[in-house]
Every structure is written in structure tokens, then in C-alpha cells.
Amino acid sequence: MKSKAHRHEASFRDPSGFIFEDGGTVKRAINPIYFPVYQALCDNDFFAPLFKAKMLIPHVEEEQTPERIVLKPDQLDLMTYPYEWSFDQFKQAALLTLKLQNYALERGFSLKDASAYNVTFQKGRAIFIDTLSFDFYQKDQPWRAYKQFVMHFLSPLVLAHYHGAEVLKMMQNHIDGIPVSLVASLLPKRTKLSPTLYTNIHLLAKLEAKHNDEYKPKSRKMHLSKKALSNMIRSLYDYIDGLELKQQTEWGDYYNKTNYQPEAFIFKKQQIDHWISQRALKKVLDVGGNDGTFVRALSEDLDLAVVADIDHNAVALNYAQVKANKEDNILPLWFDVAQPSPGIGWVNQERSPILNRLSKWGPEVVLALAVIHHMTLSGNVPFEDSARFFAGLSPLLIIEFPKRKDSWVDSLLQRKREFINHFDHYHQENFESAFAQYFETLEQVEIPGSKRILYLMKTRS
């Protein structure tokens, strides 16, 4: 097999090896240049404790030749990227990276890179996925991945702390991390009084500007003992662990503001559960799923429910419940239906679009509850376009349509002011006609005590 022909688009930066697909299974090839490090890691029983602690993606060795070693890692359900995480998810990814660096140092190794893209979320928790990121520790040398950690983790988290979660989306435009000089310019002047931020952001930015190239602390002449390095890691860990996000958003407390009567809310839960359990569906994508209330009400033992929402507080609340309840089958996702994460990086393929990743994962059903009126009236998306969008995600769709007299719909229409007449098309008949081009309606029910209808639809072949 010519491995280079199968190399993944995201796997070209590291000369140590690359990932590739073999019959739909993702595997990792190790090049000869990395053999000594890999063998040393194996000899020191480096991987097993990390597998047990669920900090590093487990793998088995499938092949070993003079030309390459092939590892088969556990397969991910859905790869997510930093700009699709809540603040706390981002923070957990940063803390995991620092824990791994500390673990490696104690065993004579070190992380050679600290990219946020080395972490994703699997089974309810952050997990490191780049097995080849470890290298030998060089005595008295600074942490090679220090600046990358600052750009990929500390910088976005600190900016979000001061300016709000939307700042985390900057990672979508800065695939190599947010430039330190930019971060320093955006932080309040008082942050220079913080020993952590002055040393790791402001001073770093000054040295960067002075040398006008990639900063390496006093180049190779600088000496840093292992104890001093460990103390630096501990200081960064404690600072990041203490960071909080104080931000109120429109839909973060949605279910305490809903216009449902209690019986309508219960009926909606039961009806959705009936449709899903009746078909024993295991993979659910909840678009506009808020804090995951409806997937948690399902009686079916799901393999995975991806709960996507545009509201950061809702995603954060969902992730807090995932952690508190140790839920390994719910994945919160920060997702804008009107502007899904695009392909970025080299030829726009290094980090693939979220719709491609969702399609590859293959949800069996999409929930679109209390979302179509926002898509139509806030996003100005025609019904036909929404139908085509949902039809491309899954063979089954459970969608809720709020009628024109629904209080939330009326509120959205009133915001249109003088343009309100341009939205006369928002009616049940037009909705059903547009969706009928892509879907067959299997069942529809009125939600009692509301002005809403639930539909179970199947894509047309």
C-alpha cells in the first residue's frame, strides 16, 4: 500500500508520522525518524497509564517494519475543533495538555508541540489524540512547545475571560494560534500587573517585537531546570484553572423563558421519545438543542447524541451537566446553523467543515425543535433551503413548527418592523409544501396547549 496516497489532509506537518485511512478506519503511521522515541516510550510503559486515565486515545500496534510502524487507535465518534467548544471545554483541553506535559516530564519526556488541535472530546471528556507529540526531555532546556501553548490555549482563554466567549471563534482564523502581539494589544492595561499575564503575554510580545522572529527564550543559551519548568507548568495550570467566563446570552436560560405550558412540554418530550425508541435510533443530532434537555429525556440507550446550539451559555450548561453526570454519550457542540464551521488551513482541507464531519459520523435522526422560526425569521432562510439543509444531514427528521400565532413567532415578526409584510410566507402550508420536496411526512401531531406542531419526516429517495 502506498501510504502517502491515503494520508489525511490534516496530517502533513509532523515528520515523525502521519494519519491515514484504511478501509474507513483511521490509523497512524510512524516514520523511522521517530522510532527511537516511540521505542523508549514503550520501554518505559509510558502509554498504558494514560490510556487507563482516559487522557490519551488508546491504540494497538498493528504492524512494525524497518520502513514504518502502524498504530490503530480507538476510533473517534466525531472530531470537534477548538472554535466549536464552550469556554469550559476549551479550558479542560488546556488543563489536559498541561497534565500531559507534567506527566511526561516526570518520566524523562516532554511535549514537542501543544496545539489545541491535538485535543478533542470523546465519551464526555477531553482526550489527547496525537500520540507522536512526545519527545525526549532535554536537560535544562525550556519547554519547546511553550509559545504554542500560549497561542493555542492561554491567549484565547484569557481573551474570552475579558471579552466574552465569541473571542474563541478567533481560532477559526488563526489555525496556528492567536498571535501574542495581538493578544497583548487587546488585553486591558491592568493585566500587566498580573505576574502570569505579564510574563506569558506582555513580556513575550515585547521580546517577539524586539527580535522580529519566533521567540525562543534567549535562544538556546537559556537554561531552565526541570524543577523550574515544573513550577512554570504548575503556575499556568493554577491560573487557567481559576479562569471563569461571566457572560449572559439570549438563550442560555431558554427553558425558564419558554412559552410552553407544563403539559405541552411533557407531551413534546414523550412524543419525541416514542418516535425514537419505536425505531431504536442510536445516533441523534439535536440542532438548536440548547442544554440537551430533550436528548436527556429519551429512554433509548443512545450511542451518541450531538447537541448543537448557537448560544454559548446553553452549550456551557450542557457540558456542565455532562461532567456532573459523567455522561459519555452526549457531545455539546457550539454551532451556528446559518454559518457552520468551514474548511480551513491548507487548501481549506486541513480542518474539515463541520457538515462534512457530521455527515461522516452519520446521525440516524435530526431533532430540529424550536429552531425553524429562527432560521426563517431571524436568518431569512427560505423554507426550501432549510429543507434541503436538513435532508443532507440524516434520513429522519423530527421538526417542530411554531405557527404564526405562536408568541415567539409574533415576537420575531414584530422585530421586523416596517418589513413585517415581507414575511407573509411564514405559514404552515408553505412550510409543509417546501419540506414535501425533500421529505415524506410519516406523522404529525399538534402539541396540546401550544401553537406548535411536531412532524416526523423521512427523506425522499
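Read the figures in this text as sums done on the coordinates, not as results from a lab. Please read these numbers as outputs of a predicted model, since none were measured by experiment. Cβ coordinates were reconstructed from backbone atoms using ideal geometry, including for glycine residues, and neighbour counts include every protein chain displayed.
Here are the numbers for the structure shown:
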read-out	value
Cα gyration tensor shape of the chain, rounded if a/c is under 1.5, else prolate or oblate by comparing a/b with b/c	prolate
Length-normalised contact order for the range 318-461 - Cα pairs under 8 Å, 6+ apart - percent	21 percent
Computed lengthening from Arg190 to Ser359, 0.36 nm per intervening residue step minus Cα-Cα distance	56.2 nm
Ranked by how many other beta carbons lie within 10 Å on average, peptides 140-152, 229-241 from highest	140-152, 229-241
Calculated FRET efficiency for the pair Ser277/Leu203, C-beta based, R₀ 60 Å, to 0.05	0.55
Fewest-first sequence of Tyr319, Tyr455, Tyr198 by Cβ atoms within 10 Å of each Cβ	Tyr198, Tyr455, Tyr319
Mean separation of Cα contacts under 8 Å (6+ apart) over length of the chain, as relative contact order %	12 percent
Between 0 and 90°, nearest 10: helix 262-278 axis offset from the chain longest Cα axis	70 degrees
C-alpha long axis of helix 87-106 to longest principal axis of the chain, angle in °	20 degrees
Loop sites in the range 296-397: trypsin sites (Lys or Arg not before Pro), DSSP, at most 12 other Cβ within 10 Å	Lys326
Total charge dipole magnitude, the chain, about the Cα centre, Cβ charges on Lys, Arg, Asp, Glu only, Debye to nearest 20	1720 debye
Dipole magnitude of the range 372-461 about its Cα centre (Cβ charges: Lys, Arg +1; Asp, Glu -1), debye to nearest 20	200 debye
Cα-based helix-to-principal-axis angle, 226-241 vs the chain, degrees rounded to 10	20 degrees
The chain, helix-only ellipticity at 222 nm - DSSP H runs n ≥ 4, -39,500 (n - 2.57), divided by all residues, nearest 500	-9500 deg cm²/dmol
Cβ-Cβ FRET estimate between Phe423 and Arg7, R0 fixed at 45 Å, reported to 0.05	0.40
Anisotropy class of the range 254-459 from Cα gyration tensor, a/c 1.5 cut	rounded
Low-density loop positions, trypsin sites (Lys or Arg not before Pro), the range 1-98 - DSSP coil, at most 10 other Cβ in 10 Å	Lys2
GluC sites (Glu not before Pro) restricted to the range 64-162 and DSSP loop, no more than 14 other C-beta within 10 Å	Glu67
